[in-house]
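Q: Handing you this structure, nothing more for now.
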Amino acid sequence: MIERQTLKNLRAQLIFLIIVIIGWQVMSNSGMVNQLTFPSVTSIGHALVRGFTQENMAEYVLYSLSLLIRGLVIGILLAFVFSSFCMISRTVYSIYNMVTSICDLIPGVALIPIAMGWFGIGESVIIFIVVHGVIWPMSRSILGGFSGINRMYVEEGKIFGLKGARLITGVYLPATLGTLISGIRMGWARAWRGLIAIEMIFGTTGSGAGIGWYIFMKRTNLNYAGMFAALIVIILIGIIVEYLVFQVIERKTVVKWGMV
Amino acid sequence: MNHVRLQVERLTKNYRTSPDSADILSNLDLSVPEGEFLCILGPSGCGKTTLVRCIAGLEDYEGTIRVDGNTVTGPGPDRMMVFQDYNQLFPWKTVLKNVQYPMKVNGIRDKQELRSRAEEKLKMVNLQEYADYYPHQLSGGMKQRVAIARGLVMNPGILLMDEPFAALDAMTRNKLQAELRRIKEEENLTVIFITHNIQESIVLGDRIIMMDKGGRIKLDERNTIPKPVSPDSEGYGAMWRLFEDALGDTGAEG
Ligand SMILES: Nc1ncnc2c1ncn2[C@@H]1O[C@H](COP(=O)(O)OP(=O)(O)OP(=O)(O)O)[C@@H](O)[C@H]1O
Ligand SMILES: [Mg+2]
């Protein structure tokens, strides 16, 4: 059920992309720019293929994703637990609200030296930074969703006999799922960007290296085509997560329920 | 005399939004026997919703409210509530799941029982074919019928209804009134039904109460007009006039 206008827009966007790619290729081959820092589309393509066939790019990507997912899961779960405690009393709520506002001001990267002191040089540092990136915005959207919930749903839940944790899982979570998904979307985007930056600074962890490190190594070799190839992979992952994860989840939940 | 289902004694409610806020209800007494369909009329803001919310256990109060002898200290499935709002069904559950949910909450796990009890109630409101629909796919009248089915599924001691038909068009409202009255007879329900509509209260109620602006009971009448009531029924005109005049004296505007 794609509307005509959407189809038209899609076509225009596609044509624009093709023009940019062709323009890029022409520029790169024209001799007007440095081919080293401005590699042609074909050489980026080659770098991409080489990355996957000879340089285990998939492993770098999967390693980054595994760190990210572990951090996301921990961050989201903690955000849920803390936010649920906030439902107990206004005092807990106001304290946690303050903690959230303060911690949200600290850039993850600034915590790396401290985290290294606490956890040594290993994966746990990166996961810690990812958790830090996710937990505060996620808490914000959970608390926002919970306090904006339609009171009638909560009262109905209580009439049916729900209390405490069951009220949260039975009413609060499904009733605010739309907000929660936006929160997770925001948390993921933040964590993914942050993760790549941290990998460049932090390097390998002993148990593996991620896509940020891959880009960094390409830079030391002045392999610009390789750097662009890694960027394309990062963009593709973003697209896959948006369309195959978030939009699918939304279609199977809030859209199906008529809650958007 | 029938078993007393609901006993309200010296009920006083003050929301205490400010130090000098007035009592919404003060020293209200009310007794409802099992199987009675009680309609409550009254001008806007007189405390009708407040009264049913106290009975539902959704507000704290002074005085006593007892249901089957047990003091009301909080909400529970023995006092199900049907709201005016169409959106009272959980949008994330299908019609069937909505009706089953109170049973699940109360520990009924048997799939067979869940299904048969929910389907029985859906049949009662003529919606058995819509079991797998989501609420947003239903009309307002259908949603209110599902809410009634859901309200009945735990066989509550009292069904509390706060203007459930007020937002419906006249034709749908008449249909739902007839349906509700039929179900009441079949199940011997005890119902407290709030309405603004005198005609509705005469069509539905075995007994009709009118509250005034101060949250006091101004009129308390038995409705002996044989069911089904129509405007041609004997005594309808007199009854209507009685409440219409009383409503004029309650301080209601217009
Ligand atoms: N949560 C609340 N906090 C403070 N005051 C309230 C609250 N709920 C209701 N009131 C006040 O209590 C009074 C009675 O309200 P209530 O909703 O019970 O009236 P009602 O008879 O149901 O009116 P309507 O017919 O318009 O639904 C009103 O003056 C209202 O402002
Ligand atoms: Mg009301």
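The values are calculated or read from the model by the stated rules, or taken from the named source; none is laboratory data. On a predicted model such as this, the values are computed, not experimentally measured, just so you know. Because the Cβ atoms are built from the backbone with ideal geometry, glycine has one as well, and the counts that use them run over all protein chains shown. Keep in mind that these areas ignore ligands, DNA and RNA; they rest on the heavy atoms of the full protein, side chains included. Shrake-Rupley method; radii C 1.70, N 1.55, O 1.52, S 1.80 Å.
Q: Does the stretch B:29-51 contain at least one residue that is within 14 Å of ligand 1 (Cβ to nearest atom), hydroxyl-bearing (Ser, Thr, Tyr) and touching a helix residue (DSSP H, G or I) at 6+ places or on another chain (Cβ under 6 Å)?
A: No, the conditions are met nowhere in the stretch B:29-51.
Q: Out of B:Ile158, B:Ile65, B:Ile148, report the one residue that is of a type in the set (Val, Ile, Thr), within 16 Å of ligand 1 (Cβ to nearest atom) and under 29 Å from B:Ile198 (Cβ atoms).
A: Numbers: B:Ile158 fails: within 16 Å of ligand 1 (Cβ to nearest atom); B:Ile148 fails: within 16 Å of ligand 1 (Cβ to nearest atom).
Residue meeting the stated conditions: B:Ile65.
Q: If you take the residues of the stretch B:188-225 that are more than 15 Å from the chain's Cα centre (by Cα) and charged (D, E, K, R), which of them is farthest from ligand 1 (Cβ to nearest atom)?
A: B:Arg222
Q: Still on this model: Pick from the stretch A:65-99 the residues that are of a type in the set (Val, Ile, Thr) and crowded, with 16+ Cβ neighbours inside 10 Å: which of them is nearest to the chain's Cα centre (by Cα)?
A: Checking each candidate, the answer is A:Ile76.
Q: B:Ile55 versus (1) within 16 Å of ligand 2 (Cβ to nearest atom); (2) surrounded by fewer than 20 Cβ atoms within 10 Å (Cβ to Cβ): which is the lone unmet condition?
A: With (1) within 16 Å of ligand 2 (Cβ to nearest atom); (2) surrounded by fewer than 20 Cβ atoms within 10 Å (Cβ to Cβ) applied to B:Ile55, the lone miss is (2).
Q: A further question on this structure: Criterion first (within 14 Å of chain A (Cβ to nearest Cβ) and of a type in the set (Lys, Arg)) does B:Lys104 satisfy it? Even if it seems obvious, please write down each step before you answer.
A: On the way: within 14 Å of chain A (Cβ to nearest Cβ): yes; of a type in the set (Lys, Arg): yes.
The answer is yes for B:Lys104.
Residue-by-condition table, conditions (1) outside the structural domain of B:Val67 (by TED's automatic domain parsing); (2) farther than 22 Å from B:Asn223 by Cβ:
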residue: B:Ile148; (1), (2): yes, no
residue: B:Gly151; (1), (2): yes, yes
residue: B:Met161; (1), (2): no, no
residue: B:Ala170; (1), (2): no, no
residue: B:Lys184; (1), (2): no, no
residue: B:Gln199; (1), (2): no, no
residue: B:Asp206; (1), (2): no, no
residue: B:Ile209; (1), (2): no, no
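Q: If you don't mind, another one. Tell me which of these B:Asp78 doesn't satisfy, since it passes every other one: (1) at the interface with chain A (Cβ under 10 Å from one of its Cβ atoms); (2) more than 26 Å from B:Asp29 (Cβ to Cβ); (3) acidic (Asp, Glu).
A: Tallying (1) at the interface with chain A (Cβ under 10 Å from one of its Cβ atoms); (2) more than 26 Å from B:Asp29 (Cβ to Cβ); (3) acidic (Asp, Glu), B:Asp78 fails exactly one: (2).
Q: Here's something else I'd like to know. Please pick out the residue among A:Val154, A:Val134 that is in contact (Cβ under 8 Å) with a residue 12 or more places away in the chain, of a type in the set (A, V, I, L, M), in a helix (DSSP H, G or I) and more than 14 Å from chain B (Cβ to nearest Cβ).
A: So the residue among A:Val154, A:Val134 that is in contact (Cβ under 8 Å) with a residue 12 or more places away in the chain, of a type in the set (A, V, I, L, M), in a helix (DSSP H, G or I) and more than 14 Å from chain B (Cβ to nearest Cβ) is A:Val134.
Q: All but one of (1) surrounded by fewer than 21 Cβ atoms within 10 Å (Cβ to Cβ); (2) more than 26 Å from B:Val99 (Cβ to Cβ) hold for A:Leu143; state the number of the condition that does not hold.
A: Single failed check for A:Leu143: (1).
Q: Inspect all residues belonging to the stretch A:7-16 and state whether any of them is under 15 Å from A:Leu231 (Cα atoms) and open to solvent by 90 Å² or more (accessible area, probe 1.4 Å).
A: no
Q: Separate question: Please enumerate the residues belonging to the stretch A:234-260 that are of a type in the set (Ser, Thr, Tyr) and within 11 Å of another protein chain (Cβ to nearest Cβ).
A: Across the stretch A:234-260, the qualifying residue is only A:Thr253.
Q: From the list B:Leu138, B:Leu127, which residue is closer than 23 Å to A:Lys252 by Cβ and either surrounded by fewer than 21 Cβ atoms within 10 Å (Cβ to Cβ) or of a type outside the set (Gly, Ala, Ser) (or both)?
A: B:Leu138
Q: In the stretch B:149-179, what count of residues is obtained for those that are touching a strand residue (DSSP E or B) at 6+ places or on another chain (Cβ under 8 Å) and in a helix (DSSP H, G or I)?
A: So the count comes out to 3.
Q: Mind checking which residues of the stretch B:185-215 are buried (at least 16 other Cβ atoms within 10 Å of the Cβ), assigned to a loop (DSSP other than H, G, I, E, B) and more than 16 Å from ligand 2 (Cβ to nearest atom)?
A: Across the stretch B:185-215, the qualifying residues are B:Leu189, B:Thr190, B:Gly205, B:Asp206.
Q: Determine whether the stretch A:160-178 contains at least one residue that is surrounded by fewer than 19 Cβ atoms within 10 Å (Cβ to Cβ), in contact with a helix residue (DSSP H, G or I) (Cβ under 8 Å, 6 or more places away or on another chain), away from chain B (no Cβ under 14 Å) and hydrophobic (A, V, I, L, M, F, W, C).
A: No, the stretch A:160-178 contains no residue that is surrounded by fewer than 19 Cβ atoms within 10 Å (Cβ to Cβ), in contact with a helix residue (DSSP H, G or I) (Cβ under 8 Å, 6 or more places away or on another chain), away from chain B (no Cβ under 14 Å) and hydrophobic (A, V, I, L, M, F, W, C).
Q: Just name the residue that is nearest to ligand 2 (Cβ to nearest atom) out of those in the stretch B:73-105 that are open to solvent by 70 Å² or more (accessible area, probe 1.4 Å) and assigned to a loop (DSSP other than H, G, I, E, B).
A: It comes out as B:Gln84.
Q: Quick check on this structure: which one of A:Trp213, A:Trp136 is at pLDDT 90 or above and open to solvent by 20 Å² or more (accessible area, probe 1.4 Å)? Before you say what the answer is, go through the steps one by one.
A: Working: A:Trp213 fails: at pLDDT 90 or above.
Of A:Trp213, A:Trp136, the one residue that is at pLDDT 90 or above and open to solvent by 20 Å² or more (accessible area, probe 1.4 Å) is A:Trp136.
Q: Also, quick follow-up: If B:Leu6 passes every condition in (1) more than 14 Å from the chain's Cα centre (by Cα); (2) surrounded by 20 or more Cβ atoms within 10 Å (Cβ to Cβ); (3) away from ligand 1 (no atom under 16 Å from the Cβ) but one, which one does it miss?
A: All conditions pass for B:Leu6, except number (1).
Q: Quick check on the stretch B:9-52: of everything there that is touching a residue at least 40 places away in the same chain (Cβ under 8 Å) and basic (Lys, Arg), which residue is most open to solvent (accessible area, probe 1.4 Å)?
A: B:Arg10
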